[in-house]
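Presented below is the structure to which this report refers.
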Amino acid sequence: MSVGLLLVTHNAVGAELLAAATAVLGRCPLQAEALGIGPDDERDRMTDLAAVMAARLDRGDGLLVLTDLYGSTPANIAGSLSQKHRTRILTGVNLAMLVRVLNYARLGLDELADKALSGGRDAVMLSPEPETRDPARPRN
């Protein structure tokens, strides 16, 4: 068995991230699905759909749920899944986080959540300025 992966995001953000990560790796080693929440979607209906998806993905080793924005409707829907499933929920999903998760698919739920967190956090950085910058231009 392995951990299931569910992305619950605004619109198609999760589906696009999952497609991109799968393309980067050439495969998706986890049972994974994405649920997009649109501005006109009824919250109760989407909560029920998330529960159905979670039940399909959770094969006994738990469910890692990635969402985009803490406190948002998708994050709140993701939070409701912990009532019936052993979950770890992370907000701020990005491509680096998702690729890290898929690269460590063999790990248990807690370890996979740690990898996701470090992968997402460590990938956020300020790119250095190009060496060809104008020396007469002051730095801010």
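In the set (1) part of a helix (DSSP H, G or I); (2) out of contact with any Cys (no Cβ under 9 Å at 6 or more places or on another chain), the condition left unmet by Gly36 is number (1). Taken over the stretch 50-63, residues that are crowded, with 16+ Cβ neighbours inside 10 Å and assigned to a helix (DSSP H, G or I) amount to 5. Within the stretch 1-28, residues that are farther than 20 Å from Asp58 by Cβ reach partners that are open to solvent by 10 Å² or more (accessible area, probe 1.4 Å) and in a helix (DSSP H, G or I) with beta carbons closer than 7 Å, at six or more positions or on different chains, in the pairs Leu17/Leu95; Ala20/Leu95; Ala21/Leu95; Ala21/Val99; Val24/Val99; Leu25/Val99. Looking at the stretch 108-123, can you tell me whether even one residue there is modelled with pLDDT under 95, among the aliphatic types (A, V, I, L, M) and out of contact with any strand residue (DSSP E or B) (no Cβ under 6 Å at 6 or more places or on another chain)? Yes: one or more hits.
The requirement of being closer than 16 Å to Asn11 by Cβ and under 14 Å from the mean Cα position of the chain (by Cα) is fulfilled somewhere in the stretch 51-67, by at least one residue. Just so you know, in the stretch 64-77 the residues that are touching a helix residue (DSSP H, G or I) at 6+ places or on another chain (Cβ under 7 Å) and in a helix (DSSP H, G or I) include one that is surrounded by the fewest Cβ atoms within 10 Å (Cβ to Cβ), and it is Thr73.
Scanning the stretch 1-27 for residues that are assigned to a loop (DSSP other than H, G, I, E, B) and either more than 15 Å from Ala116 (Cβ to Cβ) or basic (Lys, Arg) (or both) yields a count of 5.
Check whether at least one residue in the stretch 78-90 is surrounded by 15 or more Cβ atoms within 10 Å (Cβ to Cβ), part of a helix (DSSP H, G or I) and touching a residue at least 60 places away in the same chain (Cβ under 8 Å), and report yes or no. Yes, there is a match, as at least one residue in the stretch 78-90 is surrounded by 15 or more Cβ atoms within 10 Å (Cβ to Cβ), part of a helix (DSSP H, G or I) and touching a residue at least 60 places away in the same chain (Cβ under 8 Å).
Any residue in the stretch 4-19 that is at pLDDT below 95, open to solvent by less than 60 Å² (accessible area, probe 1.4 Å), of a type in the set (Gly, Ala, Ser) and within 19 Å of Glu111 (Cβ to Cβ)? No, the stretch 4-19 contains no residue that is at pLDDT below 95, open to solvent by less than 60 Å² (accessible area, probe 1.4 Å), of a type in the set (Gly, Ala, Ser) and within 19 Å of Glu111 (Cβ to Cβ).
Just so you know, in the stretch 91-113 the residues that are in contact (Cβ under 8 Å) with a residue 60 or more places away in the chain and within 13 Å of the chain's Cα centre (by Cα) include one that is most open to solvent (accessible area, probe 1.4 Å), and it is Leu95.
The values are calculated or read from the model by the stated rules, or taken from the named source; none is laboratory data. Keep in mind the model is a prediction, meaning the values are calculated, not measured. Counting neighbours? That spans all protein chains shown, and the Cβs are built from the backbone with ideal geometry, glycine included. Ligands, DNA and RNA are excluded from the accessible area calculation, which covers all protein heavy atoms including side chains. Shrake-Rupley method; radii C 1.70, N 1.55, O 1.52, S 1.80 Å.
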